[in-house]
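Here the structure comes first, spelled out in structure tokens, and everything after it is commentary.
The values are calculated or read from the model by the stated rules, or taken from the named source; none is laboratory data. A quick note: this is a predicted structure, and the numbers were derived from the prediction, not measured. Side chains included, ligands, DNA and RNA excluded: accessible areas come from the protein's heavy atoms. Shrake-Rupley method; radii C 1.70, N 1.55, O 1.52, S 1.80 Å.
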Amino acid sequence: MSRPLRLMIYDDTCTGDFPKPGASGRDRWVGDRVMRRAGQLLEGAPWPGLTHSWQLGGLLYRGLGRLDDRRGFSDWGSALAWLADHRGSERIGEIQFWGHGKWGCAKIDRSSLDIESLDPDHPHHDALAAIRERMRRVEQPLWWFRTCETFGAHSGHEFARAWTSFFNCRAAGHTYVIGPYQSGLHSLGPGQRPSWSAEEGLIEGTPDDPRSAKWSTRREPNTITCLHGQIPAGF
């Protein structure tokens, strides 16, 4: 039997969101004026964003043999349909999503994947159920949300438990704002309860009403980097 597929999907709508030269508005030094002028000259030109970093990361992971395929999407419907159908005769062992997230959800553009997506009447349910069937034939399947805050606060705990229950698989996610460093990484198996605090990563608000999360750093709990391709033991 062939090895299960390892697939990555990412949000391809985040373009042009990196700051251009001179975006800070400072005008204290000659260098500030030079950067502002450079930004003016680049006005209207194509500019990179987070999508480009996710594209490069996927290319690197594919080159290192960590992924079998990857693709970007502008909406969840198309992303889930691809996961349900792509190389449909093969099993899926791992899915990673690289994109934005908030407490209890993962986002593509302005649309969210959340607990409601698992409801039988939800438009995403059938595709999610088809993906589940492809993962059921694998001994230890994994969903990994490489997104900010998805497993944080009470809504993140609820999402983690609902996701693992629906898919009968292990799921992983973060409680911090992530970037090159990715802190607050936790995984949960079917039937398990979150072992991490619902307050982890919060700097404003409460677990019931989260408002703002910390940025990842090397010293924060359960930190990996964007170059890590596996979840460390104990996470």
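Top to bottom by accessible area (1.4 Å), largest first, where do Thr206, Thr150 land?
Thr206, Thr150
Most fluctuating residue of Gly179, Gly101, Gly152 in a GNM of the chain with Cα springs under 10 Å: which is it?
Highest fluctuation among the options: Gly179.
Taking the full set of protein chains and a 1.4 angstrom probe, give the accessible area of Trp82 in square angstrom, rounded to the nearest 10.
The value for Trp82 is about 20 Å².
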